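Worksheet: the structure to be examined is printed underneath.
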Amino acid sequence: MTRNLQRKTGQLPSGSPAEAAASIGDDATVVVSGFGRAGYPKAVPLALAESSRDLSLTLISGGSVGDEIDTALVEAGAIARRFPYQATASARAAVNDGTIAFHDRHISKLGDEVLLGHFGDPDVAIVEAVAVGEDWFIPTTSIGHTLSYVRSAKKLIVELNHAQPLSLAALHDVYERELPPNREPIPIDGPGDRIGAAKISFDPGKLDFVVETDRPDKPYQFRAPNDVDRDIAANLAGFLETEIEVNPLYESDVNLQFGVGSLGNALMASFKSFDFGERTVSYFGEVIQDGLLDMIDEDSLASASAASLALSADGQKRLFEDIDRYAKSVIVRNADISNSPTLIDRFGVIGVNSALEVDIFGNANSTHLGGRHMINGIGGSGDFSRNSTLAVIALSSTAKDGAISRIVPAVPHVDHTEHDLSVIVTEQGVADLRGLSPRERAAALIENCAHPDYRDALREYLTQATADGGHIPLDTETAFDWTG
């Protein structure tokens with residue numbers, strides 16, 4: 001696929017990062033490629049940050065992006081509004097002090113919402129590419145919502161990044177759908193199916209600049225799995241071992257999804273030696289991390305389909321040096337496909353995500369510390385928690401070296417409701433909440449998932465709350481005393 005591919009073809013308008021940045025209005029709405037800190041533009045955002053202009057930008061990405069945007073531009077005071085996710089200390093501080101107006105959204109619908117003007121009409125799309133022509137480009141390490149952003153923006157700036165290998169084209173599967181009510185069914189029968197192309201086309205009249213760069217993604221730094229991670233993984237594996245044997249849904253196929261981050265990566269890696277028998281095992285999620293490469297290397301994964309390559313330095317090296325082999329299994333899609341509620345449901349996905357805390361009835365808070373302070377955003381966890389056939393939340397039972405219980409009487413902010421989640425897993429054990437009443441759920445979570453140091457206090461709370469009756473025992477005077 002990449003044998004005859006050239007980085008740049010045709011007569012294209014070229015310029016420096018500073019020249020491209022100067023073409024962007026002071027209060028422009030800017031949509032950028034990037035998802036999971038991969039495949040985002042770097043040079044033009046840095047040039048904007050380094051300019052002396054008084055900027056008030058609305059900035060929309062597909063997911064998290066790197067420091068060039070969410071640190072440099074934020075610290076320059078250039079971003080007034082931000083959608084839908086951020087993952088740097090500078091952006092988090094600006095969101096929480098109100099300097100940046102931030103709106104958290106589910107990933108699956110974001111592309112449609114931008115196309116329909118929910119966040120205003122985008123003035124410019126800035127995207128990163130490994131190759132570009134007069135009316136097409138090939139994305140780098142993510143696709144995310146790039147297709148929708150290019151369609152919605154008035155003009156286009158392409159960063160042609162020579163640090164990203166041309167061979168990435170072999171992974172991409174870009175598929176465009178009509179907007180409702182004319183939307184057609186997605187013609188995918190399994191997670192490993194390919195239905196699209198490597199290129200994203202565009203109206204050549206939109207192309208304003210091609211800026212050549214040589215700046216790689218900053219790789220993820222996953223912490224090494226600790227004893228708690230390993231115990232969580234063992235408890236999850238033990239539960240799934242029984243589940244896939246007794247549940248006819250998993251008789252021939254098991255389709256998994258894991259949330260992004262060190263715990264998710266550790267859980268992925270732990271399944272490389274899991275005995276799935278003769279079943280076909282695939283990954284259908286939003287990010288590909290090192291743990292999935294481990295599973296592919298162990299021949300325990302038939303395919304891995306996602307919107308982004310969120311890899312460590314070692315993971316990037318492994319993938320780039322052997323991309324033809326990995327391309328047989330790895331597919332990078334646009335996010336409205338990777339996070340499609342229809343496909344998550346159709347494939348019977350087992351969705352495994354994490355949270356800051358879970359209450360004794362099974363509601364989860366994944367975004368707001370103490371119910372007030374935004375951490376990163378909901379990302380795609382809501383898409384998978386709401387639509388997976390089996391929705392799992394995996395987390396440690398405590399935080400801050402045991403000083404805080406992450407199993408609490410009531411979460412102060414709800415991202416995933418008790419109606420969405422089926423199973424909670426900690427290093428202490430597993431609470432299967434399916435079919436249980438609120439009081440039964442509370443007992444299961446306290447006895448199986450809470451840390452022993454906090455069980456007596458949680459039992460005391462439940463007894464006190466139950467005394468006042470009600471379907472859901474709630475003591476409004478003390479329920480939030482556990483909030484950090």
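The values are calculated or read from the model by the stated rules, or taken from the named source; none is laboratory data. In this text, all values refer to a predicted model and were calculated from it rather than measured experimentally. In this analysis, Cβ positions are derived from the backbone assuming ideal geometry, glycine residues included, and neighbour counts consider all displayed protein chains. What goes into the accessible areas is simple: the full protein's heavy atoms, side chains included, and nothing from ligands, DNA or RNA. Shrake-Rupley method; radii C 1.70, N 1.55, O 1.52, S 1.80 Å.
What the table below lists for this structure:
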| item | result |
| --- | --- |
| Within the stretch 221-252, considering residues that are surrounded by fewer than 12 Cβ atoms within 10 Å (Cβ to Cβ) and small (Gly, Ala, Ser), the one nearest to residue 281 (Cα to Cα) | 252 |
| Selection from the stretch 62-105 of residues that are over 21 Å from residue 143 (Cα atoms) and basic (Lys, Arg) | 81, 92 |
| Residue in the stretch 344-364 that is open to solvent by 10 Å² or more (accessible area, probe 1.4 Å), over 30 Å from residue 453 (Cβ atoms) and either of a type outside the set (D, E, K, R) or outside any helix (DSSP H, G or I) (or both) present | yes |
| Identity of the residue in the stretch 375-424, part of a strand (DSSP E or B) and of a type in the set (Ser, Thr, Tyr), that ends up nearest to residue 457 (Cα to Cα) | 405 |
| Cβ-Cβ under 7 Å pairs, at least 6 apart or on other chains, the stretch 173-199 side surrounded by 11 or more Cβ atoms within 10 Å (Cβ to Cβ), far side modelled with pLDDT under 95 | 198/1 |
| Of the criteria (1) surrounded by 22 or more Cβ atoms within 10 Å (Cβ to Cβ); (2) outside any loop (DSSP other than H, G, I, E, B); (3) under 24 Å from the mean Cα position of the chain (by Cα); (4) not aliphatic (A, V, I, L, M), which one residue 209 fails | (3) |
| Selection within the stretch 391-405 - under 23 Å from residue 238 (Cα atoms) and surrounded by fewer than 22 Cβ atoms within 10 Å (Cβ to Cβ) | 396, 398 |
| Enumerated helices (runs of 4 or more DSSP H) restricted to the stretch 58-158, each holding at least 3 residues that are closer than 27 Å to residue 261 by Cβ and either in contact (Cβ under 8 Å) with a residue 40 or more places away in the chain or open to solvent by 10 Å² or more (accessible area, probe 1.4 Å) (or both) | 72-75, 89-96, 107-115, 146-152 |
| Test: residue 40 is of a type in the set (Phe, Trp, Tyr) and open to solvent by 30 Å² or more (accessible area, probe 1.4 Å) | no |
